[in-house]
1. Only helical DSSP H runs with n ≥ 4 go in: add -39500 (n - 2.57) per run for the chain, normalise by residue count and round the 222 nm mean residue ellipticity to 500 deg cm²/dmol.
2. Express as a percent, rounded to the nearest 5, the fraction of DSSP beta bridges in the chain (both residues included) that run antiparallel.
3. Just want the ordering: Thr111, Thr40, Thr300, Thr176, from fewest to most Cβ atoms lying within 10 Å of their own Cβ.
4. Just how large is the dipole of the chain about the Cα centre, in debye to the nearest 20, putting +1 at every Lys and Arg Cβ and -1 at every Asp and Glu Cβ?
5. Charges on Cβ only, +1 for Lys and Arg, -1 for Asp and Glu, centred on the Cα centroid of the chain; of Phe192, Pro311, Ala103, which one is farthest towards the dipole's positive end?
6. About its Cα centre, how strong a charge dipole does the range 41-145 have in debye, to the nearest 20, once Lys and Arg get +1 and Asp and Glu get -1 at the Cβ?
7. Mind running the shape call on the range 207-335? Use the C-alpha gyration tensor, a ≥ b ≥ c as the square roots of the eigenvalues: rounded below 1.5 for a/c, prolate if a/b tops b/c, oblate otherwise.
8. What residues qualify as long-range amide H neighbours of Lys59, i.e. H under 5 Å apart, gap of 5 or more or another chain, H built at 1.01 Å from N?
Amino acid sequence: MSRPLGITVSRHIMDSQRLHPEATGDLTGLLNELIVAAKTISAEVNMAGLADILGMSGKTNIQGEHVQKLDEFANNTIKRRMARCGYLCAMTSEEEADIIPVAEGYEGKYTLAFDPLDGSSNIDVNVSIGTIFSIHRRFTPDGGPGEEVDLLQPGKKQVAAGYIIYGSSTMLVFTTGDGVHGFTLDPSVGEFYLSHPDIRIPEKSKYFSINEGNWHYWQEPVRRYLEYLKAEDKATGRPYSARYIGSMVADFHRNLIAGGIFLYPRDSKDQTKTYGKLRLLYEAAPLAMVVEQAGGKAVTDDGRSILDMAPEDLHQRVPVVIGSARDVDTFLQFMNDTPVKPAG
Ligand code: AFP
């Protein structure tokens, strides 16, 4: 079988950086290093079940969650590769309490926030998982180690964001602010090829993704919205279908391609997580940049733009409603208790 001569991700990044005459090549270099880390993680994920890499590491992370061996592997792979890439001044990981310094003498002008393996409760059952990343220009002047303030910047200041999904194939989806592009890994040559140029999320969908097990803990308007989605009304394409797997990357990716709304609203289940479960820096802000670049919307359950939120701490949680623009608008009509103008 002959292979198509596709556009590699490196070629694509270099071509898109040509549109920015001020570019020094640092972002290109940084993304390329991250892609090498992603390929390493992808190879390891694909060995799950064959090598001794399933199950718990025996440690607990900053979120109080049990760390899986693959979580630890992914975290260490990214940390070690990026610490000496020369483009970062500091990093932060969903798995670690404090900022992660880069090697002395290698400080650069960007920061990296990452969730090394999102959806880790799905590792052992062979469901898609992913790595999410968010890149900012440092806030403090160039030179010397980065500080927490370099990482506590709003999502609208991101210069690049995206994810790698380890699914039926491994895909890289990211944006540098010029639209969203998807690349599929050809494992036989170890290269990502452009497979989904200029992704646009459908404006309105027929899918919702939410953990309905939390029904009794939601605010009343959230329950009313879900009842609305499930009620029959042919004119507005209802009832919607449910799709929820518990790996945000997988649920988000499906909705990005096929259309859909993903919700993780605040609930009263756990008083330490009154603002929902998902983390602003590692999940909400990067996926908000991706969805908005693809024509969708990302807000909190009280209607604030995720990209406008200024993080107060590295592990801040935030209620998230993200997906097809008209579906997010309809959700907000319920939260504002305004008469519903159906998205149909
Ligand atoms: P894990 O990485 O601990 O599995 O958490 C995954 C996640 O942060 C996100 O990817 C899912 O959408 C969400 O949590 C699932 O949470 P519930 O299990 O409460 O539905």
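Values in this text are rule-based calculations from the coordinates and carry no lab data. Being a predicted model, the structure only gives us computed values, none of them experimental. We place every Cβ from the backbone using ideal geometry, glycine too, and count neighbours over all the protein chains shown.
1. -8000 deg cm²/dmol
2. Roughly 80 percent of the beta bridges in the chain run antiparallel, per DSSP.
3. Listed from fewest to most nearby Cβ atoms, that is Thr40, Thr300, Thr176, Thr111.
4. Approximately 900 debye in magnitude.
5. Comparing the listed Cα positions along the dipole, Phe192 ranks first.
6. In debye, rounded to 20, the range 41-145 gives about 420.
7. oblate
8. Those lying under 5 Å, H to H, from Lys59 are Val67.
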